[in-house]
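First the structure, in the form of structure tokens, and then the observations on it.
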Amino acid sequence: MVWRAPGSSLWTPHGRVAEKWGRVDHVTAIINVGTSFQAAAHFVARVMHVFDVRSLSAAAILAALGAVTALPAGAVTRESVIGFHHDGDLVAIAAVDDAIGKTVRVCRLTPPAVPAGWPQGLTLKDDEACGLVTDAEAGQPVDAFVAGLVKGGTPLKQPPFGLKVSLTVEGAAHTVVIAGSEPLAPTATSAVVSSDVPLKLAGVLWHEAGKSAAVTLDAGPKGRSVVVFVDARPALVGTAAGKKLAAARITQAQGLIKKRDWAAAAAVLDDALAFDADNAAAHYARAAADAQSGVGRSAMLEHLGWLHERAAKDPVAKRLLDSAQKDKAFDAWVGEPDVRVFIGLPAVGDMGPEARVLERTATFTKQGSTCREPWLTLTFQKGGKGTLAIAESCKGKKTASKQPFAWTVTDTTMTLTTAAREVGDTAIPASCTVELDSAYQQLRLGGGGVATVGPFEPGTADLDAAL
């Protein structure tokens, strides 16, 4: 049999088929747990569901659907949490059974996704969440595999971000609920297990980032215990707890951006936005990460556009967009017409030559490449002066030099004069015409009987990107 919540998840006796966080109005069927506690324990770890605990009680489920098969008496199985993978999508659980001894199983949070750290030899059906791990499936002794799996993670004993865990018992139905700190949280994550023997909430370990929780239900020192792996994220969406989590994710992403790990930063920021979709700082950081990755133009424009739409009524969004006008993160893109509209810069066609070269940091660079081309940077100053910086990088060795230049504007023509210079195949004449692009904030140096040099784009030289 299966149970389904309208607009939510579809479950089979082996786990989830599809996931959509949301509120549940009613349940149309329930699964028979089975005839052994071990089977029930595996089932519990697979069956997690999001529903509105205010309008749906365990008693109502039982009344509408009939009794759930009870956990039978017999051999006692006691489960305990070994630890989480640091990503929070995977947990390792130890089980000691009177009949079969000690076993280890792993559970993934969102089937059919295969999380980092999953044993390569363990294959499950798409709708299955948990599986037993043997030496063969782990590719090494299970104990060594598990030690590596949980290395670096530090489970929390106290609930992060104001989350709360509760257990309600109505007859055989034991319902574990994770909810936000608000009295009437809009969403909650729940797991239900049936047992003829009363179970108590014995302990909760949280993933360090608050993403998931491993909840232990216990019948007492000599009785059964079962670990339920619960996705905590739905309880955070749109709540005060979710806003706290989003803020923590933004801080984490900023560290990744400093390390130039753009893809990881983007993933962390997407996580933040899943919990707090209206967080302007997360949208801005996401746009900045995409801008610096060099390959995230569409996503960058999406998030800048989001900020632009809200800037009139959201002072935080407006302040962030204003800061983007001089933020080095957008140097490579600030010349694009769409970006200029979003961050409030005028169209280059409406600007004169002097205004264009003195915009933002008044710095333009022709990016080079390692062991092939030099990096050339023009920094303009008011009053017709400036500096040309030349940098080279090859086999770990970097060289740099500078020389002054002068610039003048006659009508709409800009001229730059400096000492003639040749660097590799690049020749800079003593007198150049500054050719300004009609649509983009770019310039080239032409004339002097040599090949045009450029394009120069806003921003400084980025030698690290070429190493």
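Within the stretch 322-336, the residues that satisfy the criterion of being surrounded by 21 or more Cβ atoms within 10 Å (Cβ to Cβ) and assigned to a helix (DSSP H, G or I) are A324, F330.
When each of V177, V192 is tested for being surrounded by 18 or more Cβ atoms within 10 Å (Cβ to Cβ), over 30 Å from A247 (Cβ atoms) and either outside the structural domain of A247 (by TED's automatic domain parsing) or at pLDDT below 85 (or both), the lone residue that passes is V192.
A search for C-beta distances below 6 Å between a residue of the stretch 107-133 that is under 17 Å from K211 (Cβ atoms) and surrounded by 15 or more Cβ atoms within 10 Å (Cβ to Cβ) and any residue that is of a type in the set (D, E, K, R) and at pLDDT 90 or above, counting only pairs 6+ apart in sequence or on different chains, returns P115/R108; A129/R108.
If we scan the stretch 295-307, do we find a residue that is assigned to a helix (DSSP H, G or I), in contact (Cβ under 8 Å) with a residue 24 or more places away in the chain, buried (at least 17 other Cβ atoms within 10 Å of the Cβ) and not aliphatic (A, V, I, L, M)?
No: zero hits.
Pairing residues of the stretch 254-267 that are free of Cβ contacts under 8 Å to residues at least 60 places away in the same chain with residues that are of a type in the set (K, R), at Cβ distances under 7 Å and at least 6 apart in sequence or on separate chains, gives A266/R286. One residue is enough: does the stretch 453-464 have a residue meeting the conditions without any contact (Cβ under 8 Å) to a residue 40 or more places away in the chain and outside any helix (DSSP H, G or I)? No, because not a single residue in the stretch 453-464 is without any contact (Cβ under 8 Å) to a residue 40 or more places away in the chain and outside any helix (DSSP H, G or I). Looking only at the stretch 257-279, residues that are buried (at least 16 other Cβ atoms within 10 Å of the Cβ) and closer than 17 Å to F330 by Cα come to 5 in all.
I'm trying to understand the selection: among the residues of the stretch 234-272, which are among the charged types (D, E, K, R), over 11 Å from G180 (Cβ atoms) and in a helix (DSSP H, G or I)?
Passing the criteria: R249, K258, D270, D271.
Of the candidates T452, T370, T399, T379, the single residue that is over 30 Å from K259 (Cα atoms) and either in the same structural domain as S293 (by TED's automatic domain parsing) or surrounded by fewer than 19 Cβ atoms within 10 Å (Cβ to Cβ) (or both) is T452. For the stretch 138-152, filtered to residues that are in contact (Cβ under 8 Å) with a residue 12 or more places away in the chain and either among the aliphatic types (A, V, I, L, M) or crowded, with 18+ Cβ neighbours inside 10 Å (or both), the residue that is nearest to H207 (Cα to Cα) is V150. Number of residues in the stretch 377-416 that are closer than 16 Å to A362 by Cβ and part of a loop (DSSP other than H, G, I, E, B): the value is 3. From the list T361, T365, T379, T415, pick out the single residue that is touching a residue at least 60 places away in the same chain (Cβ under 8 Å) and in contact with a Ser or Thr (Cβ under 7 Å, 6 or more places away or on another chain). Going through T361, T365, T379, T415 in turn, just one is touching a residue at least 60 places away in the same chain (Cβ under 8 Å) and in contact with a Ser or Thr (Cβ under 7 Å, 6 or more places away or on another chain): T365. For the stretch 308-321, a residue qualifies if it is without any contact (Cβ under 8 Å) to a residue 24 or more places away in the chain and of a type in the set (K, R), and the qualifying residues are K313, K318, R319. Taking the criterion of being of a type in the set (A, V, I, L, M) and either not in a strand (DSSP E or B) or not assigned by TED's automatic domain parsing to the domain that holds E359 (or both), the residues of the stretch 417-426 that qualify are A419, A420.
For the condition at pLDDT below 90 and of a type in the set (G, A, S), what is the one hit in S401, S438?
None of the other options fit; the residue is S438.
In this structure, is V339 surrounded by 15 or more Cβ atoms within 10 Å (Cβ to Cβ), outside the structural domain of L378 (by TED's automatic domain parsing), within 30 Å of L445 (Cα to Cα) and modelled with pLDDT of 90 or more?
yes
Meeting the requirement of 1 or more residues that are basic (K, R), the strands (runs of 3 or more DSSP E) wholly within the stretch 74-117 are 77-84, 101-108.
Which members of the stretch 290-331 meet the condition of being under 22 Å from A362 (Cα atoms) and of a type in the set (S, T, Y)?
Within the stretch 290-331, S323 is the sole residue that qualifies.
The values are calculated or read from the model by the stated rules, or taken from the named source; none is laboratory data. These numbers were taken from a predicted model, which means no experiment stands behind them. Note that each Cβ is placed from the backbone with ideal geometry, even for glycine, and that neighbours are counted across all protein chains shown.
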